[in-house]
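Please treat every number below as a calculation from the coordinates, not as lab data. All of these numbers come straight from a predicted model, not from anything done at the bench. Note that we place each Cβ from the backbone using ideal geometry, even for glycine, and neighbour counts take in every protein chain shown.
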Amino acid sequence: MSSNESCPCGSAIPYSTCCGPYLEGQTPAPTAEALMRSRYTAYVKGDNTYLLASWHKSTRPSTMDSDTLPAWQGLKVMHTEAGGENDQEGTVEFQARYSHSNHQGMLHEVSSFVKEDNNWYYVDGELLHEPVRISAEKKVGRNAPCPCGSGKKYKKCCGR
């Protein structure tokens, strides 16, 4: 990834000054949201080492199989609660668009984070609804309501 290329996390900041330093181990993510964004970027890049290292030991899986993961296409942070530089816990609500096996979909989750020894860790997530699958055979009009249930037009939500 080019140093001037926008970060996959949707921040509109270059990767080299956004999530890059976290994924490359140069510095820890300073907030729960920064960790969540960097984890999303790690999913996009297939960086299982970073994902496992940033997962809290109490809920961390022993391995991850990148071959079974969807292709992530966009992230929107909806809300954060606590999770600042001086906090010890925080939550981040987000929506992430993906494609998998000829389908598009949306994941809507509230993730929990904890800070230990000056490092933020992902603990777990609560799905706000089951991931929405949008069949590739069933086209959704750009001005139609988004099937993910956001209440927005498809072109302003999952159709971006």
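Averaging sequence separations of C-alpha pairs under 8 Å and six or more residues apart, then dividing by the length of region 58-127, give the relative contact order as a whole percent.
Once divided by the residue count of region 58-127, the mean separation gives 26 percent.
Using DSSP to call loops (not H, G, I, E or B), can you name the trypsin sites (Lys or Arg not before Pro) in region 19-91 whose Cβ has at most 14 other Cβ atoms within 10 angstrom?
Lys57
Would you mind checking the radius of gyration and Dmax of region 47-104 based on alpha-carbon positions, in Å?
That works out to 14.3, 43 Å for Rg and Dmax.
Over 5 Å intervals from 0, what percent of Cα-Cα pairs in region 1-70 sits in each interval?
Histogram of Cα-Cα distances, whole percents per bin: 3, 17, 28, 26, 16, 7, 2, 0.
Tell me which aspartates and glutamates have Cα within less than 16 Å of Lys115's Cα, excluding those fewer than 8 residues away on the same chain?
Partners found: Glu33, Glu81, Glu85, Asp87, Glu89, Asp124.
Where q = 0.12, 0.23 Å⁻¹, what log10 of I(q)/I(0) comes from the Debye formula for region 12-120, counting one point per Cα?
Evaluating at q = 0.12, 0.23 Å⁻¹ gives log10 I(q)/I(0) of -0.40, -1.50.
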